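Asks: Sending over a structure as structure tokens; questions will come in a sec.
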There are 2 protein chains.
Amino acid sequence: MNKKEFYNVAVAGATGVVGQEMIEILAERGFPVDTLYAFASERSAGTSLSFAGRDILVEKLEDADFSNIDIVLGATSAALSRAYMPKAMKAGCIIVDNSSAFRMEEAVPLIVPEVNGHLISSHKGLIANPNCSTAQLVVALKPLHDAARLKRVMVTTFQSVSGTGKEAIEELLDQTKAILSFQEVKTRVYPQQIAFNCIVNWDCDPVSGDTEEEVKIIEETKKILGDPALKVSATTVRVPVFRSHGESVSIETESKLSINEARALLSDAPGITVFDDPSRKIYPTPLDTVGQDNVYVGRVREDRSTENGLHLWVVADNLRKGAALNAIQIAELLIA
Amino acid sequence: MNKKEFYNVAVAGATGVVGQEMIEILAERGFPVDTLYAFASERSAGTSLSFAGRDILVEKLEDADFSNIDIVLGATSAALSRAYMPKAMKAGCIIVDNSSAFRMEEAVPLIVPEVNGHLISSHKGLIANPNCSTAQLVVALKPLHDAARLKRVMVTTFQSVSGTGKEAIEELLDQTKAILSFQEVKTRVYPQQIAFNCIVNWDCDPVSGDTEEEVKIIEETKKILGDPALKVSATTVRVPVFRSHGESVSIETESKLSINEARALLSDAPGITVFDDPSRKIYPTPLDTVGQDNVYVGRVREDRSTENGLHLWVVADNLRKGAALNAIQIAELLIA
């Protein structure tokens, strides 16, 4: 994009959990913002947000005038992204979209800067940000793939409710309070009780039984690693945790990697903190990674049930690396 | 054992979560109990318990006189089992021990009745009850192993705190209350906060990094299925759930099983409820299985990352099939 000293940046979906995190991270990282535009639904329009000490009026996305905007950070649903992002592109904006709407389109680069940031120049006005579970997974896989070539990846997720949004955070809180005070538990966002329970996303394909989230992890991982032949499987579970996702990952590689080789490769890779020392009981929990930028990897173990197998426990803040931070890292590549 | 109309039964560790569940299940299933003896630590001795409408005095395990007892149900720690079970055996009791103390001894049958109940006659005075995570896993694996021969089993657990005991249940409750009222969170039982977090058992082997729980699942599964060559891997995670364990299980079989064939085999097998219909959003959550005897299996899906691969989501009440119920089912085999 045209090099400038400062850019007009819009956040679409500015009042959601990811949108709010984007605005915080823009300020925190000193992104060269000239004017910040905050777009949201009619319900939030007219309220105001704080950005780097300034008050920003929230405007209705439906009425957005994109003509003066350089970069749009999309933190809306896939349906809203499909509705408004083409309009923004037509107005000349470059879009970094966090929704699933365009991720698998061939012409759209799907970027995690540490993994495939070099694709930034191939964009045609829109860059997609991956699913939260995929983003943290590929950061951890990349150095191992480069060194020993991955053949198979299996992941079971422990996903926090903030991945679903603000209402899911409230639901976990409300249900927990209801249980502790012996009141009736109500469900609104999730079809099953999430407090003190583990549930599965309910958007299942009725034939394969795979959830949309599982399909996203499988397809996006292959696209980001640039390896359509890679074998990936996923089981996604929502747990009663507010923030940060855990992933139990098992990999099989072409060439053998010892535990220590894998730890060394991970330590040297960008965006990763190796937090792994069984002798001192060190491994990452979701709570450890809240507000952190890096993907934390621990419990690197040999998987003796196969040749060249390793287990990893991969934890990251789903609102940061899994969403807002990655989007802003993409925007930083755009203006670099 | 010698056939009688009624048996004198002792529960060692009678005031713990598993011991209490054993006493309830003995009454519920009408086990032919003559006198019930309740043994526990000094702290609980002198209190009383209710069993089938009778008041039972809790006696000190240290002072237990086993001479008049036919069957001892062990619900103590491995250390206490090692200390007292040999004494009980010497007194002529038959022991069903829920601890890990004797499970892997060659002369000790490790029994899940639906899987290897025929081994009951091989006992030499002591039968071991498996680890909670293993028990529910092998019930689900057995019909698939018989039909298509398992080559590899990978499991990631979502374990509830009741598997750790009464104090862990209190810890989850206390920490949750503290967080909701903005108080300081204290840890006593687990080294990390369990409320709104996912943690890993910290009893790690400093070299392999495997936890004791993971090693138990691997070794006990092979022993119970009678297949030392079976490849098993495990990752165990503790989640903020009070009761019932979930397991994300991936298997590879010698011969191909379709989703529907696997569902049919599971439906026909003893001790299993198939709760699986993606078109109607049906699958089991931990909450669904609390107080249930059966192992619930759902989310039977093809694992397209390997040949002949299937995913299963296996959920059961860890205090019932995972512990107390299985022990009493073993005792029922003993007196059959």
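Any read-out appearing in this document is the output of simple, stated calculations on the displayed coordinates, not a laboratory observation. The structure presented is a predicted model; accordingly, all values stated were derived computationally and were not measured. A quick note on method: Cβ atoms are made from the backbone with ideal geometry, for glycine too, and the neighbour counts reach across all protein chains shown.
Asks: Need the list of lysines near A:K186 for cross-linking: C-alpha distance under 27 angstrom, and skip anything on the same chain fewer than eight residues off.
Replies: The reachable lysines, counting only those whose Cα sits under 27 Å from A:K186, are A:K166, A:K177, B:K177, B:K281.
Asks: May I ask what percent, to the nearest 5, of DSSP beta bridges between residues of the range B:1-126 are antiparallel?
Replies: Working: 4 of 21 bridges.
The antiparallel fraction comes to roughly 20 percent.
Asks: Summarise the partner chain shielding of B:183-192 as one whole number: the mean count of Cβ atoms from other chains within 10 Å of each residue's Cβ. Mind dumping the intermediate values first?
Replies: Numbers: counts 0, 0, 1, 0, 0, 0, 0, 0, 1, 5.
Other-chain Cβ atoms within 10 Å of each residue's Cβ, averaged: 1.
Asks: Taking only Cα atoms, what is the 0 to 90° angle, nearest 10, from helix A:132-148's long axis to the longest principal axis of chain A?
Replies: 50
Asks: For the range A:134-318, give me the percentage of DSSP beta bridges that are antiparallel, rounded to the nearest 5 percent.
Replies: Working: 24 of 35 bridges.
Antiparallel bridges make up about 70 percent of those DSSP assigns within the range A:134-318.
Asks: If amide hydrogens are placed 1.01 Å from N in the peptide plane, which non-local residues have theirs closer than 5 Å to the one on A:T235?
Replies: For A:T235, whose amide H was placed from the backbone, the distant partners under 5 Å are A:V155, A:T156, A:T157.
Asks: Once you average over the residues of B:7-14, how many Cβ atoms of partner chains fall within 10 Å of each Cβ?
Replies: Working: counts 0, 0, 0, 0, 0, 0, 0, 0.
Taking all residues of B:7-14 together, the mean is 0.
Asks: Going 7 Å from Cα along the Cα-Cβ axis for the label, what nanometre distances separate A:E184 from the same residue across the other copies?
Replies: Going from nearest to farthest copy, the values are 4.0 nm.
Asks: Now, a different point. Quick check on the protein assembly as shown: of the DSSP beta bridges with both residues there, what percent are antiparallel, nearest 5%? Each step should come with its number before you reach the end.
Replies: On the way: 56 of 118 bridges.
Bridges in the protein assembly as shown are about 45 percent antiparallel.
Asks: Quick one: net charge around A:I217, please, counting Lys, Arg +1 and Asp, Glu -1 for every other residue with C-beta under 12 Å from its C-beta. Display every interim value, and only then the final one.
Replies: Numbers: positive: A:R103, A:K216, A:K222, A:K223; negative: A:D210, A:E212, A:E213, A:E214, A:E219, A:E220, A:E247.
Every neighbour counted, the sum reads -3.
Asks: Spin-label point model (7 Å from Cα, Cβ direction): what's the A:D63 to B:E184 distance in nm?
Replies: About 5.2 nm separates the two model spin labels.
Asks: If each residue's Cβ is checked for other Cβ atoms within 10 Å, how do A:I251, A:I335 rank with the fewest at the top?
Replies: Values: A:I251 24, A:I335 16.
So the residues, fewest neighbours to most, are A:I335, A:I251.
Asks: Moving on to the next point. Once amide H atoms are placed 1.01 Å from N in the peptide plane, what residues at a sequence separation of 5 or more from B:T47, or on another chain, have their amide H within under 5 Å of its amide H?
Replies: It is B:V58, by chain and number.
Asks: Grab the other residues whose beta carbon is less than 14 angstrom from that of B:Y84, score K and R as +1, D and E as -1, and report the net.
Replies: Working: positive: B:K60, B:R82, B:K87, B:K90; negative: B:E42, B:E59, B:E62, B:D63, B:D65, B:D97.
Its environment carries a net charge of -2.
Asks: Any idea how far the Cα center of the range B:8-36 sits from the one of the range B:52-84, in Å?
Replies: 10
Asks: Roughly how crowded by other chains is peptide A:199-205, in terms of the mean Cβ count from those chains within 10 Å of each of its Cβ atoms?
Replies: Working: counts 5, 10, 1, 4, 2, 9, 3.
Per residue, the average neighbour count from other chains is 5.
Asks: Using DSSP to define loop residues, name the trypsin sites (Lys or Arg not before Pro) in the range B:173-227 whose beta-carbon has at most 10 other beta-carbon atoms within 10 Å. Show your work: numbers first, answer last.
Replies: Details: sites: B:K177, B:K186, B:R188, B:K216, B:K222, B:K223; in loops: B:K186, B:R188.
The qualifying sites are B:K186.
Asks: May I ask for the angle, rounded to the nearest 10°, between helix A:17-28 and the longest principal axis of chain A, with both axes built from Cα atoms and the value confined to 0 to 90°?
Replies: 80
Asks: While we're looking at this one, here's another question. Give me the net charge of B:D277's neighbourhood, meaning all other residues with Cβ under 14 Å from the Cβ of B:D277; Lys, Arg count +1, Asp, Glu -1.
Replies: Values: positive: B:R263, B:R280, B:K281, B:R299, B:R301; negative: A:D205, B:D276, B:D288.
Net of charged neighbours comes to +2.
Asks: How far is helix B:259-268 tilted off the main Cα axis of chain B, in degrees rounded to 10, range 0 to 90?
Replies: 20
Asks: Taking each label point as 7 Å beyond Cα in the direction of the beta carbon, state the distances from B:P228 to the same residue in the other copies, shortest first, in nm.
Replies: 4.7
Asks: Every other copy gets compared here: list the nm distances from the A:S48 label point (7 Å along Cα to Cβ) to its counterparts, shortest first, one decimal.
Replies: Copy-to-copy label distances at A:S48, shortest first: 7.1 nm.
Asks: Can you flag which of A:K223/B:K151; B:K90/B:K223; B:K3/B:K216; A:K151/B:K216; A:K222/B:K216 are past 32 Å Cα-Cα?
Replies: Numbers: A:K223/B:K151 30 Å; B:K90/B:K223 26 Å; B:K3/B:K216 34 Å; A:K151/B:K216 28 Å; A:K222/B:K216 34 Å.
As for pairs spanning more than 32 Å Cα to Cα, those are B:K3/B:K216; A:K222/B:K216.
Asks: Using the alpha-carbon centroid of each, what span in Å lies between the range A:128-153 and the range A:234-270?
Replies: 9
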